[in-house]
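Below you'll find the structure, written out as structure tokens, and then a few comments.
The values are calculated or read from the model by the stated rules, or taken from the named source; none is laboratory data. This structure is a prediction, so every number in the text was calculated from the model and none was measured. In this analysis, Cβ positions are derived from the backbone assuming ideal geometry, glycine residues included, and neighbour counts consider all displayed protein chains.
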């Protein structure tokens, strides 16, 4: 019985180490607030699209997809199966298309804010296995327009076009 406290101490340390590894593997990706209203848990958002490819293959194809969109994939998290960029700015265009065609940022006398103000963006794509041969692709596209007026920034809402495009590009990349 004298060794019992020692056994419990060793067990406690092993559990703590195991929980630390588990916490590291399951940490959420936090996207800085684009509106200054706190943080956004991007791994809880987005519309999932099922693709007929294993999650591992999809995850490895995503950096090339992002490069083809001219968005540097600064996040490559194999534990979360996530690829993306949590903070980049664009004016007028992103991924070769007008931002106003992919996001609604509001408008003023001169037209859509996305057509003439700096837009701060975040784009993260998550991959989730469905079974051995298929997975879901879920992209989260967030933005805010810096208007230069007393109102400051305006939240932008994605219309889903870029998210669907990423799914299509993943399919093309893996069909090569």
Suppose we keep only residues that are at positive phi and touching a helix residue (DSSP H, G or I) at 6+ places or on another chain (Cβ under 7 Å) within segment 89-126. Which one would you say is surrounded by the most Cβ atoms within 10 Å (Cβ to Cβ)? 95
Output for segment 49-83, where each listed residue is over 13 Å from residue 162 (Cα atoms), in a strand (DSSP E or B) and touching a strand residue (DSSP E or B) at 6+ places or on another chain (Cβ under 7 Å): 50, 51, 75, 76, 82, 83
Selected residue (criterion: modelled with the lowest pLDDT) from residues of segment 72-84 that are crowded, with 16+ Cβ neighbours inside 10 Å and in contact with a helix residue (DSSP H, G or I) (Cβ under 9 Å, 6 or more places away or on another chain): 80
Considering residues that are part of a strand (DSSP E or B) and touching a residue at least 60 places away in the same chain (Cβ under 8 Å), the number found within segment 97-118 is 1
